[in-house]
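What follows is a set of notes on a single structure, which appears directly below.
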Amino acid sequence: MRRILVTKVIVGRIPLGPRELHHLKDVLRLGAGDEIEVFDESGLRGWGKLVAAGDGIEVEVEQIESPVVKGCRLAIASALPKGARADWMIEKLSEIGVQAFVPIISQRSVVEPRGTGKIERWKRIAAEAARQSGRIGVMRIDDPVQLEQAIGSGDWYLSFQDDAVPIMKLTANLPQELRVFVGPEGGWSAEEVADFARKQARSVRLTSTVLRVETAAVVAAGIIASGW
């Protein structure tokens with residue numbers, strides 16, 4: 001069944017904004033009488049039919065369902081790759097089912113998001129990926145944060161350290177909530193590695209090869225999701 005994002009799922013009629021109307025009429029080619037699924041950012045889902053309302057269309061929702069979150073609530077905290085690669089990373093993390101994306105600023109970051117333009121674009125990309133993938137809710141996009149302010153006990157960070165634990169050894173017993181840090185192209189600095197250790201974050205190895213930032217983030221999320 002086709003699905004669209006709405007502000008809030010309720011039983012009854014839900015008015016649609018210009019973006020949703022365009023998607024329904026011009027992309028999905030749907031009209032009054034067609035059945036549709038609606039969902040909101042919190043994860044609520046509903047089912048009903050499209051009904052005519054003046055010059056527009058509304059959704060008459062007959063049944064709703066509360067979200068049932070299975071497995072680990074995963075957040076990816078990552079340095080940003082250059083250009084369109086960041087958009088691709090956001091899209092794929094949303095498809096996989098990542099709960100939140102946290103842009104981090106580290107000592108070797110090559111890209112620092114400025115202004116609200118990028119954040120708003122990523123929110124739109126996350127919403128579109130949620131609509132396509134059938135995931136629960138929409139991946140949250142947090143404001144950029146300095147690395148040292150984001151690290152917490154129990155977090156994971158990707159590294160090539162000798163004591164790094166292969167990620168596949170950890171997926172059989174995942175916590176309910178997990179945050180995984182992905183470093184910039186130049187890797188973590190010695191001071192940052194010491195900060196991870198001081199705050200009792202776990203060093204985790206992903207592959208034996210050096211991956212791009214966006215590749216590492218998506219591969220890590222995919223492996224963890226497979227453990228759900």
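No value in this document is a laboratory result; all are computed from the given coordinates. Note that the structure is a prediction, hence the values are computed from the model and not measured. FYI the Cβ positions are ideal-geometry reconstructions off the backbone, even for glycines, and counts take in every protein chain you see.
Pairs LYS92/LYS199; LYS49/LYS92; LYS25/LYS49; LYS70/LYS118: which exceed 25 Å Cα-Cα? It would help to have the intermediate numbers written out before the result.
Values: LYS92/LYS199 29 Å; LYS49/LYS92 30 Å; LYS25/LYS49 14 Å; LYS70/LYS118 30 Å.
From the list (LYS92/LYS199; LYS49/LYS92; LYS25/LYS49; LYS70/LYS118), the Cα-Cα distance tops 25 Å for LYS92/LYS199; LYS49/LYS92; LYS70/LYS118.
Taking each residue as 0.36 nm, the span from ALA100 to SER42 lengthens on full extension beyond its C-alpha to C-alpha distance by 19.6 nm.
Treating r as the C-beta distance of LYS70 and LYS169 and R0 as 22 Å, the FRET efficiency rounds to 0.55. Sites counted here are trypsin sites (Lys or Arg not before Pro) in a DSSP loop (not H, G, I, E or B) having no more than 12 other Cβ atoms within 10 Å; the longest part of the chain that contains none of them is 115-228. Result for the chain in a Gaussian network model with C-alpha springs under 10 Å: among MET139, MET168, MET89, the largest mean-square fluctuation is at MET168.
Across ASP162, ASP55, ASP143, mean-square fluctuation computed from a Gaussian network of the chain (C-alpha pairs under 10 Å connected) peaks at ASP55. For the chain, modelled as a GNM whose springs connect Cα atoms under 10 angstrom apart, the maximal fluctuation among GLU120, GLU41, GLU128 occurs at GLU120. Does a label point 7 Å from the Cα of ASP143, set along Cα-to-beta-carbon, have any residues of region 110-127 with amide nitrogen under 17 Å, and which are they? Answer for this model: 112-123. For the chain, the square roots a ≥ b ≥ c of the C-alpha gyration tensor eigenvalues yield an a/c of 1.5 or more together with a/b exceeding b/c, which makes the shape prolate.
Relative to the first principal axis of the alpha-carbon coordinates of the chain, what is the inclination of helix 85-96, with its axis defined by its Cα atoms, in degrees from 0 to 90 and to the nearest 10? Compared with the principal axis, the helix lies near 70 degrees. Label reach from LYS8 (point 7 Å along Cα→C-beta): in region 121-137, amide nitrogens under 18 Å belong to 137.
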